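See below for the structure under consideration.
The values are calculated or read from the model by the stated rules, or taken from the named source; none is laboratory data. Since the structure is predicted, the reported quantities are computational estimates derived from the model, not experimental observations. Cβ placement follows ideal geometry from the backbone for every residue including glycine, while neighbour counts extend to all protein chains displayed. With ligands, DNA and RNA removed, areas are computed over all heavy atoms of the protein, side chains included. Shrake-Rupley method; radii C 1.70, N 1.55, O 1.52, S 1.80 Å.
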Amino acid sequence: MAEKVHALTGVSYVMPVLNEVEHIEAAVDSLTAQDYEGPFEIVLALGPSVDGTNAVIDEMARRDPRIRHIPNELGSTPGGLNAAIRASTHPIVVRVDAHSVLPTDYTRIAVETLERTGADNVGGIMKAQGRTPFERAVAHAYGSPEGLGGTQHHTGGKAGPADTAYLGVFQRDRLVAVGLFDEDIKRGQDWELNRRLRASGGTVWFTPELQVVYRPRSSLRKLVRQFVATGIWRGELARRFGTANSLRYFVPPLAVLGTVLGLMLGIVGSVTSASWLSLAYIAPVIYGLFVLAASGIAAAKDGLRSGLWYLIVLPCIHFGWGTGFILGFLKLTKNITAQTGR
């Protein structure tokens, strides 16, 4: 057994952390519980948390020398990831989110897949799971076609090359070769990094064998902030990288424009002699019926209270993301670097 452990490649878990006192212990505990028998380290890049997160991490690091923390001087996700990667030592880098809980076989399967496929990055399914009715409604949106589009890293699919991957298990040398994460991109930096890996001749590999539990935002305010920021950065990346973006990214902003324009034209038709414009009400009515039908499905799956929350959650996701996309694509936001979704 000792020879087997010695032969296995070392793994570095890297995680940026900011105000995650609700989730950080579960996230770190899922790393120390991995059944991978090779050497590992956990490097946490700490931002200026104000909710007691850093005190919790201090205690965990005191109890387990494999856990260490460094300051994240930039305070951003890509800045923290890069700081943790530079401070880590092993040939394989596992990106971890403070909202994620890795299953015990995650690292073992990921390393085996990296070595078998020769990929530069391996990722799997982001399996959103909520604990409250609100969180369950958000989790349902993450995994449904009407929510986040039903992409393979949310719903699953066949193993093989992919455009991007959730989180990611990387070959360190390839990460370094392409320049790590772009610290000027506050959200969507994983997509942009994977774009560079593929452009340099590398492979990003999706495998449904990897499933990571993700804890959604716990309040409507946090959810809206998250999706507005995500939309702003997706709009920025769509403008910056053009045809590298999938057409599905343009669906939410088009839905927002169609619904709002239909409502405005319908109102004009109702108060003027151009009554034919009232036909434009069809667009918001169709969207409303769509949300009602989707909420019924959510209620049948997750319970009535989650279904009722879905009536609010789904439009907030669509309109937050879609409005943000328009602002980012048209460069209408004053300070895009401040849009982190926190």
**Request:** Could you state the angle between the C-alpha long axis of helix 189-199 and the longest principal axis of the C-alpha atoms of the chain, as a value from 0 to 90 degrees rounded to the nearest 10?
**Result:** 70
**Item:** Whole-number D in µm²/s for the stretch 201-282 (Stokes-Einstein; Kirkwood sum over Cα pairs; 25 °C, 0.890 mPa s)
**Value:** 147
**Asked** Residues with beta-carbon under 11 Å from that of ALA177, excluding ALA177: net charge, scoring Lys, Arg +1 and Asp, Glu -1?
**Response** +1
**Request:** Return a whole-number percent for the relative contact order of the stretch 184-319, with Cα pairs under 8 Å and 6 or more residues apart as the contact set.
**Result:** 19
**Item:** Percent accessible area from carbon and sulfur atoms, the chain, protein chains only, probe 1.4 Å
**Value:** 60
**Fill in**
Treating only Lys and Arg (+1) and Asp and Glu (-1) as charged, each at its beta carbon, one finds that the chain has a dipole about its Cα centre, in Debye to the nearest 20, of 940
**Item:** Surface accessible to a 1.4 Å probe, per residue, for the residues of the stretch 44-144, Å²
**Value:** 38
**Listed residues THR9, THR53, THR323 arranged by accessible area, highest first, probe 1.4 Å** = THR323, THR9, THR53
**Fill in**
When the charge dipole of the chain is computed with +1 on Lys and Arg Cβ and -1 on Asp and Glu Cβ about the Cα centre, the Cα farthest towards its positive end, among MET264, TYR13, PRO145, belongs to MET264
**FRET efficiency estimate (nearest 0.05) - Cβ-Cβ, SER218 to LEU257, R0 35 angstrom** = 0.70
**Message:** Distance cut-off 20 Å, Cα to Cα: go down the list LYS186/LYS222; LYS158/LYS186; LYS127/LYS158 and report the pairs above it.
**Reply:** LYS158/LYS186
**Item:** Where only C-alpha atoms are counted, convex hull volume of the stretch 208-342 per residue in Å³
**Value:** 166
**Message:** Just the number: Rg to Rh for the stretch 1-121, Cα atoms, Kirkwood Rh, two decimals.
**Reply:** 0.97
**Message:** Can you tell me the orientation of helix 133-142 relative to the chain, as the angle in degrees between its alpha-carbon axis and the longest Cα principal axis, to the nearest 10?
**Reply:** 90
**Asked** Among residues other than GLY202 whose Cβ falls under 12 Å from its Cβ, what is the net charge (Lys/Arg +1, Asp/Glu -1)?
**Response** +2
**Request:** Identify, among LEU31, ALA83, VAL313, the residue whose Cα sits farthest towards the positive end of the charge dipole of the chain, taking +1 on the Cβ of Lys and Arg and -1 on the Cβ of Asp and Glu, with the dipole about the Cα centre.
**Result:** VAL313
**Item:** Rounded tilt (10° steps) of 282-302 against the dominant C-alpha axis of the chain
**Value:** 40
**Prompt:** Which is the longest stretch in the chain that no exposed loop site breaks, taking sites as GluC sites (Glu not before Pro) with a DSSP loop state and at most 16 other Cβ atoms within 10 Å?
**Reply:** 74-342
**Message:** Ordering HIS90, HIS69 by accessible area with a probe of 1.4 Å, largest first, what comes out?
**Reply:** HIS69, HIS90
**Complete:** Judged on accessible area alone, 1.4 Å probe, highest first, ILE317, ILE286 line up as ILE286, ILE317
